[in-house]
Each structure stands twice: as structure tokens, then as C-alpha cells.
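One structure is given here, and the rest of the page talks about it.
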Amino acid sequence: MAEEQQQETTQGEMEAGGVNCLAYDEAIMAQQDRIQQEIATSIPLVSDRQELSVLQREYAVEDTIYQLKIKVSKPQESCITRFESQISSLFKAVAAKSKLDLVNQGFTEFTIEDFHNTFMDLLELCEKQPGLRELLGSFRDQSVSDYIVVYLRLLTSGYLQREHGFFQHFIEGGRSVKEFCQQEVEPMSKESDHIHIIALAQALNVSILVEYMDRGEGGSVNHHVFPEGSEPRVFLLYRPGHYDILYK
């Protein structure tokens with residue numbers, strides 16, 4: 001009897017421990033959500049154009065790696081922001097056709113139509129060359145921004161799956177390209193990496209140069225062009241977990 005009571009007590013402690021662990025995990029997730037909400041309400045989705053020197057204030061003076069790399073970047077870059085409004089007719093034609101490409105791949109037209117329409121509406125607005133305030137207002141509108149991000153994620157997913165034979169070699173964990181897209185590309189709030197940028201640049205026929213400001217040793221800021229060998233038209237500054245647009 002005593003042994004049975006001990007087993008029951010041990011089992012009860014394990015269950016209680018499991019409940020406590022679950023409650024702790026939920027508390028951590030709730031805290032992270034609050035932090036994200038605070039960031040969302042205090043930081044605009046698209047900033048005003050800013051001098052590159054603002055980055056120096058974001059890192060401690062003792063952070064020699066980042067401080068040095070910011071100084072190295074200054075002669076090359078004039079300022080940063082988070083969007084570019086130049087729209088070419090070729091880009092617009094590719095964007096217009098992109099919905100049909102996705103539908104032909106098996107994406108449901110009804111599901112993607114609103115996202116595509118919002119994307120095209122924003123391109124139409126950019127073509128009209130509106131005032132900066134109006135343009136920033138559109139990019140800062142959460143509903144517009146979310147729809148555009150969703151559509152760009154779908155475009156990236158579609159291209160990765162069309163070219164799965166090539167991209168399969170870059171996917172880790174034994175996942176298929178489709179599984180990778182479902183887990184790392186299509187869901188919101190997933191960070192973008194090399195593979196995302198390569199696919200989206202090629203899907204929209206836009207050449208992108210990314211300056212990588214990370215904690216790698218040395219004072220130089222490494223960069224990559226996507227696709228390789230092309231003439232970049234969009235310039236991005238990467239810092240861990242974040243991209244800014246650069247103006248040269």
C-alpha cells in the first residue's frame with residue numbers, strides 16, 4: 001500500500017510539474033507577444049529616410065565590431081529607410097502575371113486574389129508618384145502591409161517550389177521544398193534568409209544587393225548580389241533579425 005501511495009505521489013508531482021512548465025512557457029510567450037505589440041505601436045512599419053549615422057546610436061560605444069562596420073559603410077551609403085518607390089513597366093508586368101503563375105501551380109485563386117489586388121494597387125500608387133506622406137501612409141497601414149507581405153511570401157513559396165530541383169540542395173533537416181515553404185516561407189513572422197531573397201529576386205526579376213553587418217570579425221561589411229552577376233537596383237542593409245533599405 002505504501003509503495004502504491006508513493007507511486008501515486010510521484011505521478012502527481014510529475015503531472016504538477018508538467019502543468020507548471022506549461023504555465024511557465026505560456027507566460028514567456030505572453031511576454032514576447034507584449035514586447036512585439038509594444039514595438040509595433042512605437043515603431044512605424046516604414047520609417048522616414050534617415051542618415052546612416054543613426055545606427056551608431058543603436059550600438060554601445062564599446063561595441064567595437066558594429067561601430068567599425070558602421071564607419072566603413074558611411075562612405076558608400078548615404079541614408080536608410082524601409083521602402084523604394086521606383087516601379088518599372090517590366091516589374092509591373094511580372095507582378096501582374098504572378099497571380100496566374102501561382103494559380104497554375106495549384107494555389108487557390110480565391111485565396112490569393114485579395115492579396116494580389118492589394119499588391120497591384122500599391123504599385124499603381126507608386127507609379128503616380130504621390131507625395132511622400134501619402135506613400136508612407138500606405139506602407140504604414142497595417143492591413144495593406146500585411147497583405148503585401150503575405151503575397152510576397154506566396155510568390156517566394158511559388159518560385160521555390162517551381163525550382164525545387166535547385167533549391168532542395170540548400171534545405172536542411174531532411175525537409176522537402178514544399179515542407180520548407182509551409183514551415184519557413186508562407187507563415188507570417190518568419191525571418192527571411194538567403195534562400196528567400198534569391199527566390200523572390202528571381203520571381204520578380206529584381207536584382208538585390210545585401211550588405212551584411214554582422215558580428216563577423218574584421219572591419220569590412222560583406223555584400224552579396226542576388227542573382228549573382230546582375231546589376232543591383234535595390235540595396236539592403238542586413239543586421240541580425242532586420243533589413244533596412246539603403247540609398248546610395
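Odds and ends about this structure:
- Every test in (1) more than 30 Å from residue 113 (Cβ to Cβ); (2) among the aromatic types (Phe, Trp, Tyr); (3) open to solvent by less than 60 Å² (accessible area, probe 1.4 Å); (4) touching a helix residue (DSSP H, G or I) at 6+ places or on another chain (Cβ under 8 Å) is passed by residue 235 save one, and that test is (4).
- Residue 160 within 15 Å of the chain's Cα centre (by Cα) and farther than 21 Å from residue 50 by Cβ: no
- Every pair of residues 6+ apart whose Cβ atoms lie under 6 Å, when the first sits in segment 221-244 and is modelled with pLDDT under 85 while the second is assigned to a strand (DSSP E or B) and among the hydrophobic types (A, V, I, L, M, F, W, C): 223/209; 237/246; 238/210; 243/236; 244/80; 244/237
- Selection of segment 183-203 for residues being without any contact (Cβ under 8 Å) to a residue 24 or more places away in the chain and part of a helix (DSSP H, G or I) yields 183, 184.
- Residues (open to solvent by 80 Å² or more (accessible area, probe 1.4 Å) and modelled with pLDDT of 85 or more) located in segment 129-150: 134, 142, 147
- Residues that are of a type in the set (Asp, Glu) and open to solvent by less than 40 Å² (accessible area, probe 1.4 Å) within segment 177-216 comprise just one, 211.
The values are calculated or read from the model by the stated rules, or taken from the named source; none is laboratory data. Since we're looking at a predicted model, the values are computed, not measured. Cβ sites come from the backbone with ideal geometry, for glycine too, and all protein chains shown count toward neighbours. We work out accessible area using only protein heavy atoms, side chains counted, and drop any ligands, DNA or RNA first. Shrake-Rupley method; radii C 1.70, N 1.55, O 1.52, S 1.80 Å.
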